[in-house]
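Trainee: Would you mind keeping the following structure in view while I ask a few things?
The values are calculated or read from the model by the stated rules, or taken from the named source; none is laboratory data. Worth saying up front: this structure is predicted, and the values here are computed from it rather than measured. Quick reminder, even Gly has a Cβ in these numbers, built from the backbone with ideal geometry, and neighbours come from all protein chains shown.
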Amino acid sequence: EWLEGEGLGTRILRDEQFAGVRPQLAYECGRIAARIHGIDVVEKGLDRVLARITAADYVQQTWSRYKEFGTPHPMIDYVGCWLMQHLPETHRDTLVHNEFRNGNLMVSPDGIVGVVDWEIAHIGDPMRDLGWLCTNAWRYGETLPVGGVGAHEQLFQGDED
């Protein structure tokens, strides 16, 4: 399906045509994430085709890749150990986009028109999507924590509404 919109994160953050919609994007991201996470994976048959990946799986996979480099960094070692000791104890399994971020959201001057790049979607903890959207890399030099467009509170409010 063809979507009319912009997917390049830097343009969404800087082009004047998106100035009017930028203040609503963090909230809108929360609403869209909630819709994605609300999809019944069993009813849709997604549990038969998508991998189930836990937080522990992610941390262990990342840790293993890091160790393969053979170049220790004390801060990464510390954070890796901390993460393994502080994994979420419970979460509900949902559909997880896994790259829910500025750059995979198609945006028009009216708002978000679609979410693209689904090839690594899986079943897991929905906080993965919210956290990924708040990663510094997807702010493209902007300071606002949610993809460079808004505050955590806006994202969480959209997710809860």
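Trainee: Considering only residues of the range 63-105 that are polar (S, T, N, Q) and at pLDDT 90 or above, which is farthest from I120 (Cα to Cα)?
Mentor: Out of the qualifying residues, it is T71.
Trainee: Looking at (1) more than 30 Å from Q24 (Cβ to Cβ); (2) touching a Ser or Thr at 6+ places or on another chain (Cβ under 6 Å), find the lone condition where P126 falls short.
Mentor: (1)
Trainee: Across the range 86-142, what is the number of residues that are among the acidic types (D, E) and surrounded by 14 or more Cβ atoms within 10 Å (Cβ to Cβ)?
Mentor: 6
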